[in-house]
């Protein structure tokens, strides 16, 4: 359908066109000129020359008696050029469109062919392309093999997007096992609805074997460790024949020098023992489930200590990385919720160990078939090296100006208009950058209601509390 014609100056980056008065045109629709120049509408401006003249506006009320200003209304659309279409392929543009060239909307069937969004036995569908409102299909390996990030403020729809992705993996028979680092117990129901595919594991049930009683791991669990204490700890661990916390304590108690530092360190090691994170049961059985096609939901909601969270995440990720390198487990997709907690952009933080292994997987994991899905509501705080390795970026609503500036710095495909539209996205709407050569505006489907987050709104919490605990009693009715 023709919607206008090219006007004024144009170049190979973009052009503007005058929108026909009877045309229905939406932002982000794809258009093509009669010379084959393909692009996307990134902005539409409504104009009225009559009402732009300040001298005329002084007499606005008088003008309304004699003239209908709406007759002077017109619209100018601005287009980002992506290429030149020939033989159903998008090629590089060598020359811009000419003023006067006709512009038409690319229909959905044509767009599917150009983008390769047609359904196949190996494709999945997680939503609809906007503004076409058409369901789109893609090869899931195009998403995961590049590492992807889902970045948005709280409540924008991140968890639903991951849930619909996992649902599609299951229902479409995608044989790639998934390990989800579930920080807020949002994916537990997958193990209930799909017990043949998903296993839920409480992080408290994961014990670290003696091989992880090393200086890096033990020191990461200790707060305010002095340099002297670190030296004593490293020396004691190097003398361990049979690594265990009790044996480490025995070596420390046998030291005759530097008693003050040693005693302080012993108290800290006793605290680690009370954390109950080391034990005989290692990770072999749990990670071994991946060999049989099982996906793992690691529930970290019972972990209130950030040091334990980071340390256990580090050990799990290191085991996955090393076992995948040796070919002991199949290729795996690792989805990390609240990734800014485990991969901060700061150094020497409580997340130091998990940050190190996530950075390594981001750089090297793809070659071994270990892929990352990074989920965060604070992209500004995410490690920059990891962000740079996320070749597919999914942006739902973000309003924090620091986060938006960070998005702008890492997103090569998005225009200024795209970035400015992110705060106005509705829940469940997103811009996908990097999945294709060009960004897509989408609306995600809703996952099966049985699989959605266990989140309860505040009103429901209040009602539930008083339902369980009886009616409210006022202070004057209470005897102190």
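Each reported figure results from applying straightforward, stated rules to the coordinates on display, with no laboratory input. All of these numbers come straight from a predicted model, not from anything done at the bench. Here Cβ is always computed from backbone atoms with ideal geometry, including for glycine, and neighbour counts include all displayed protein chains.
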_I want to check the label-to-label distance for residue 259 and residue 192. Put each point 7 Å from Cα in the C-beta direction and report it in nm to one decimal._
5.7 nm
*Helix 158-171 versus the longest principal axis of the chain: what angle, 0 to 90°, nearest 10, using Cα atoms?*
80 degrees
_If neighbour count is taken as other Cβ atoms inside 10 Å, put 318, 255 in order from fewest to most._
255, 318
*When a footprinting reagent is the concern and you count Cβ atoms within 10 Å, what order do 178, 85 take, fewest first?*
85, 178
*State the Cα centre-to-centre distance between the range 318-360 and the range 218-239 in whole Å.*
23 Å
*Using 1/(1 + (r/R0)^6) with R0 = 35 angstrom and r between the beta carbons of residue 47 and residue 86, what's the FRET efficiency to the nearest 0.05?*
0.55
*asked:* Compute the angle between helix 259-275 and the longest alpha-carbon principal axis of the chain, please, reported from 0 to 90 degrees and rounded to the nearest 10.
replied: 60 degrees
*Ranked by Cβ crowding within 10 angstrom, fewest neighbours first, how are 292, 402, 381 ordered?*
292, 402, 381
*Spatial separation of Cα centroids for the range 392-424 and the range 148-202, in angstrom*: 24 Å
*Determine the relative contact order of the chain: mean sequence separation of Cα pairs under 8 Å and six or more apart, normalised by residue count, in whole percent.*
18 percent
*For residue 119 and residue 223 in one chain, what is 0.36 nm times their gap in residues minus the Cα-Cα distance, to one decimal in nm?*
32.1 nm
*Taking only Cα atoms, what is the 0 to 90° angle, nearest 10, from helix 401-410's long axis to the longest principal axis of the chain?*
80 degrees
*Separation of alpha-carbon centers, the range 93-120 and the range 5-41, rounded to whole Å*: 11 Å
*For an R0 of 56 angstrom, estimate the FRET efficiency from the Cβ-Cβ distance between residue 301 and residue 108 and round to the nearest 0.05.*
0.85
_Rounded to 5, percent antiparallel among DSSP beta bridges of the chain_ = 65 percent
*Would you calculate a helix-derived [θ] at 222 nm for the chain, using -39,500 (n - 2.57) for each DSSP H run of n ≥ 4 and dividing by the full residue count, to the nearest 500?*
-9500 deg cm²/dmol
